[in-house]
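The structure appears right after this line, and notes come after that.
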Amino acid sequence: MDTRYLKSLITVVECGSIAHAARVEGLTAAAISQRILALERQLGFELLSRVGHAAKPTQACLGLLPRAKRIVREIALLAGDADEGGLTGQLRIGAISTVLTGLLPGALRALTELAPGLTPVIVPGTSRALYQSLLSGEIDAAILVVPPFELPKALQAVSLRKEPLVFLSKEKSSDSIPAQLKTQPYIRYDPDSWGGRHAEHYLADNGLLPTPLVDLDALETIAMLVTEGLGVSLVPYWSGFEHWGHKCVVTPLGNDHYDREIALISHVQTDRPKMMGALSKVLSLAQA
């Protein structure tokens, strides 16, 4: 059995359609379909239920997926086993949007220089989604907002940076921050996101109940809306914010109680300990 076919099956299940999986793997939809058909012939049962453009896993497929994922993962580790330094092969890294544009680019450059045989695979997502992907073994590490609960003992966290909560506005004002939040349209950092809870705590502590113009879990978009004069906002001063800072007025709150903490979270027991060590090193140096 060709393990590339198993990988294609996993991609189809994760993407929800053959066409989407084909784009992810850089193949044609016909090639992906042929791989699935070959697997079905070998195994003797249907793996996908095709409804319109969607492709859903059958019960038999769901039953074999955990083992298929383990097989694909073990194959990916083979190159690293042959390298005594332990720095050859793929490392799947989840990252939130502000890390992708701020902290990660420089760290990746340093990582590839430190370990030329290491291939980073970057998986974007929200903190909550990446945390779940880490728990399920879909990624090796995640750079995200520290969750609002204690980590299980199987996971470990390396704090990378603390980002103070700041007030964003289009123009300077003689009014206080609370006064502006009461009178200006409020562009709210999604309170259901792990990072958005800090702004909610500030509002609650100050007895403020602004009516949100919109809720967003996308800090770059929030900054853009503020620079367009659509309202004011409370956001963490994230790595890479300097690209926006000159376009609007940034007022620090002067209280570290509302800081957003970014951390590298990974499993305590990992198949790639030296790779994880290298990643942690370059991320820490990027903050120095």
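The values are calculated or read from the model by the stated rules, or taken from the named source; none is laboratory data. All figures in this text were calculated on a predicted structure; none of them were measured in a lab. Methodologically, a virtual Cβ is constructed for each residue, glycine included, from the backbone with ideal geometry; neighbour enumeration extends over all protein chains shown.
Data overview
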{"read-out": "Residue, nearest to THR251 (Cα to Cα), within the stretch 216-235, restricted to residues that are modelled with pLDDT of 95 or more and not hydrophobic (A, V, I, L, M, F, W, C)", "value": "SER233"}
{"read-out": "Residues that are surrounded by 15 or more Cβ atoms within 10 Å (Cβ to Cβ), over 12 Å from VAL158 (Cα atoms) and not aliphatic (A, V, I, L, M), drawn from the stretch 271-286", "value": "ASP271, ARG272, LYS274"}
{"read-out": "Verdict on LEU279 being within 16 Å of ARG92 (Cα to Cα), in contact (Cβ under 8 Å) with a residue 40 or more places away in the chain and among the hydrophobic types (A, V, I, L, M, F, W, C)", "value": "yes"}
{"read-out": "Helices (runs of 4 or more DSSP H) within the stretch 190-279 that include 1 or more residues hydroxyl-bearing (Ser, Thr, Tyr)", "value": "197-205, 219-227"}
{"read-out": "Top-ranked residue of the stretch 51-62 - restricted to ones that are free of Cβ contacts under 8 Å to residues at least 24 places away in the same chain and surrounded by 11 or more Cβ atoms within 10 Å (Cβ to Cβ), ranked as farthest from ALA19 (Cα to Cα)", "value": "ALA60"}
{"read-out": "Number of the exception - ILE262 against (1) surrounded by 15 or more Cβ atoms within 10 Å (Cβ to Cβ); (2) over 23 Å from ALA142 (Cβ atoms); (3) in contact with a strand residue (DSSP E or B) (Cβ under 8 Å, 6 or more places away or on another chain); (4) not charged (D, E, K, R)", "value": "(2)"}
{"read-out": "Residues within the stretch 155-167 that are over 25 Å from SER280 (Cβ atoms) and either modelled with pLDDT under 95 or exposed (fewer than 15 other Cβ atoms within 10 Å of the Cβ) (or both), tallied", "value": "0"}
{"read-out": "Matching option when the condition is in the same structural domain as MET275 (by TED's automatic domain parsing) and over 20 Å from the mean Cα position of the chain (by Cα), among LEU181, LEU114", "value": "LEU114"}
{"read-out": "Residue check, HIS243 surrounded by fewer than 18 Cβ atoms within 10 Å (Cβ to Cβ) and within 17 Å of LYS162 (Cα to Cα)", "value": "no"}
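A quick yes/no check of all residues on (1) within 21 Å of GLY254 (Cα to Cα); (2) touching a residue at least 40 places away in the same chain (Cβ under 8 Å):
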| residue | (1), (2) |
| --- | --- |
| VAL145 | yes, yes |
| PRO152 | no, no |
| VAL158 | no, yes |
| LEU165 | yes, yes |
| ILE177 | yes, yes |
| PRO185 | no, yes |
| ASP190 | no, no |
| TYR202 | yes, yes |
| LEU209 | yes, no |
